[in-house]
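Q: Below: one structure in structure tokens.
Taken together, the values in this text are just the output of simple stated rules run on the coordinates, not laboratory data. None of these values were measured; they are calculated from a predicted model. FYI the Cβ positions are ideal-geometry reconstructions off the backbone, even for glycines, and counts take in every protein chain you see.
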Amino acid sequence: MTSTIGAFEAKTHLSTLLDRVAGGERITITRHGTPVARLVPIRPAGKAELAEVIARLQDFGKGQTLGDVKAKDPIREGRR
């Protein structure tokens, strides 16, 4: 279920809104009628998702440089 609420009311009733979101509701917050934010429940990440994120970060780090310094060089230097 999705609800819409104004920013002032959201600020005033944040605790109640968080309880509703924890119950599975999605809430769109508007400012002057324009959507600006959405409160959504967070689902816990599974092991497969965490493994995928770690792999993507490791792939991203390969070959990254800081100018003419490889990203791993400062790490190695700090371990000496």
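Q: Computed over the Cα atoms of the chain, what is the ratio Rg over Rh, Rh following Kirkwood?
A: That ratio is 1.28, to two decimals.
Q: I want to verify a result. In a Gaussian network model of the chain, Cα cutoff 10 Å, which of these has the top mean-square fluctuation: LEU57, LEU17, LEU39?
A: So, out of LEU57, LEU17, LEU39, the one fluctuating most is LEU57.
Q: Continuing with this model, one more query. Suppose every Lys and Arg Cβ carries +1 and every Asp and Glu Cβ carries -1, with no other charges. What dipole size does the chain come out with about its Cα centre, to the nearest 20 debye? Please list the in-between numbers first.
A: On the way: 14 positive and 9 negative charges, 46 e Å.
For this selection, approximately 220 debye.
Q: What angle, in degrees between 0 and 90 and rounded to the nearest 10, separates the Cα long axis of helix 47-61 from the longest principal axis of the Cα atoms of the chain?
A: With both axes taken from Cα atoms, the answer is about 50 degrees.
Q: Rounded to the nearest 0.05, what FRET efficiency do ILE75 and ALA55 have when you use their Cβ-Cβ distance and R0 = 22 Å?
A: Efficiency computed from Cβ-Cβ geometry: 0.70.
Q: Which one of VAL40, ALA51, ILE5 has its Cα pushed farthest toward the positive end of the charge dipole of the chain, where Lys and Arg give +1 and Asp and Glu give -1 at the Cβ?
A: Farthest towards the positive pole: ALA51.
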